[in-house]
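Engineer: The following block contains the structure, expressed as structure tokens.
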Amino acid sequence: MFFAERRYPEKISRLEENILATLLAIITLVSFSQVIARYGFNTGWGGALEFTRIMFAWMILFGMGYGIKHSVHLGVDAFVRMLPKKSLRIAGMVGAFCAFLYAFMLLYAGWLALLGAGVSTNWRQTGAIGYWTFMFERGTGLDDLRYPLWAQELFGVQDRVQRWVAYLMLPVGLALLAFRSLQGMAAIWRGDRELIIAGHEAEDLVSEAKGALRD
């Protein structure tokens, strides 16, 4: 990811935006079609609610890292803005590092055992990686989301979609959040940005959006 972004920064950004836009479009399309099917034809897809819920979770998990990258996460910066420039940089780096620790602990918490925490050091039993691995090995299916009959007959897959398929974005999204947090910390150190949050800049973003709508 690091080397690909350094070589093709615009393509990577466009890819991320397209993934988020596609997920949102899928959610909208499925929800709209379900309303039409239910109230217009008294029918519908039984797994639609679970599917849209999974897609919404995917959009949030994938969007976490994207928000760090573009400083669109809202935050309170009233105090740190009063600090001297050097202290502001330190505060910004601490904030970015805390975001990294948050993502890393959720991704894999086994390393906390080195600090004396009572957690398992087995990567198969801790964090998002361990949870996804557990689901992958068990092959447990979702509650309502099922494979089409033609897919079951053609590929020999089980009836219900496996949970590891739905939870795949969990370790991916947390890994991207950790990577973007470290990337943001490095950018703050270089002086390319001040914070990883939007803070008071959210007002400017809202003003820009209003101007774009008027145009």
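Engineer: Would you work out the charge dipole size for segment 1-213 about its Cα centre, treating the Cβ of every Lys and Arg as +1 and the Cβ of every Asp and Glu as -1, and quote it to the nearest 20 debye? Please report the intermediate quantities before stating the final value.
Structural biologist: Values: 20 positive and 17 negative charges, 101 e Å.
Magnitude of the dipole: close to 480 debye.
Engineer: Given the protein chains as shown and a 1.4 Å probe, how many square angstrom of residue 51 are accessible, to the nearest 10?
Structural biologist: Using a 1.4 Å probe on the heavy atoms, I get roughly 50 Å².
Engineer: Considering the dipole of segment 1-104 built from charges on the beta carbon (Lys and Arg +1, Asp and Glu -1) around the Cα centre, which of 98, 83, 19 is farthest to its positive end?
Structural biologist: The one lying farthest along the dipole's positive direction is 83.
Engineer: Want the number for residue 7 to residue 78: 0.36 nm per residue separation, take away the alpha-carbon distance, what's left?
Structural biologist: My answer for the length gained is 21.9 nm.
Engineer: Just by accessible area at a 1.4 angstrom probe, what is the order of 15, 101 from largest to smallest?
Structural biologist: The ranking, largest first, comes out as 15, 101.
Engineer: Please give every one of the lysines within straight-line cross-link reach of residue 210, meaning a C-alpha to C-alpha distance under 25 Å, and leave out same-chain neighbours fewer than 8 residues apart.
Structural biologist: Residue 210 reaches 69.
Engineer: Quick one: order 170, 142 from most to least accessible surface, probe 1.4 Å.
Structural biologist: Values: 170 50, 142 5 Å².
Ranked from most to least accessible, the order is 170, 142.
Engineer: I've got another one for you. For the chain, calculate the relative contact order in percent as a whole number, restricting contacts to Cα pairs under 8 Å that are 6 or more residues apart. Provide the component values of the computation, followed by the final result.
Structural biologist: Details: 246 pairs, mean separation 60.0, N = 215.
Normalised by residue count, the contact order of the chain is 28 percent.
Engineer: Follow-up question, since we're still on this one. For residue 152 and residue 86, what is the calculated FRET efficiency with R₀ set at 45 Å and r taken between the beta-carbons, to the nearest 0.05?
Structural biologist: Computed FRET efficiency for residue 152 and residue 86 comes out at 0.10.
Engineer: In the chain, carbon and sulfur make up what percent of the accessible area (probe 1.4 Å)? Display every interim value, and only then the final one.
Structural biologist: Numbers: 9120 of 13970 Å².
Roughly 65 percent of what the probe reaches on the chain is carbon or sulfur.
Engineer: Just to verify a number: what accessible area does residue 87 come out at with the full protein assembly present, 1.4 Å probe, Å² rounded to tens?
Structural biologist: Here the residue's solvent-accessible area equals roughly 50 Å².
Engineer: Still on this structure: Per residue, how much accessible surface does the chain expose to a 1.4 Å probe? Answer in Å², no decimals.
Structural biologist: Ligands and nucleic acids excluded, the result is 65 Å² per residue.
Engineer: Which one, (1) 109; (2) 200; (3) 131, gives volume of the Cα convex hull per residue in Å³ as derived from the coordinates shown?
Structural biologist: (2)
Engineer: By accessible area of protein heavy atoms, probe 1.4 Å, what ranking do 77, 159 get, highest first? List each step's numbers first, then the result.
Structural biologist: Details: 77 10, 159 70 Å².
Per-residue accessible area, sorted high to low, gives 159, 77.
Engineer: Could you work out how far helix 201-214 tilts from the main Cα principal axis of the chain, as a 0 to 90 degree angle to the nearest 10?
Structural biologist: Tilt of helix 201-214: around 60 degrees.
The values are calculated or read from the model by the stated rules, or taken from the named source; none is laboratory data. From a predicted model like this one, the values you see are computed outputs, not experimental measurements. As a convention, Cβ positions derive from the backbone with ideal geometry for all residues, glycine included, and neighbour counts pool all protein chains shown. To get the accessible areas, we keep the full protein, side chains included, count just its heavy atoms, and leave off ligands, DNA and RNA. Shrake-Rupley method; radii C 1.70, N 1.55, O 1.52, S 1.80 Å.
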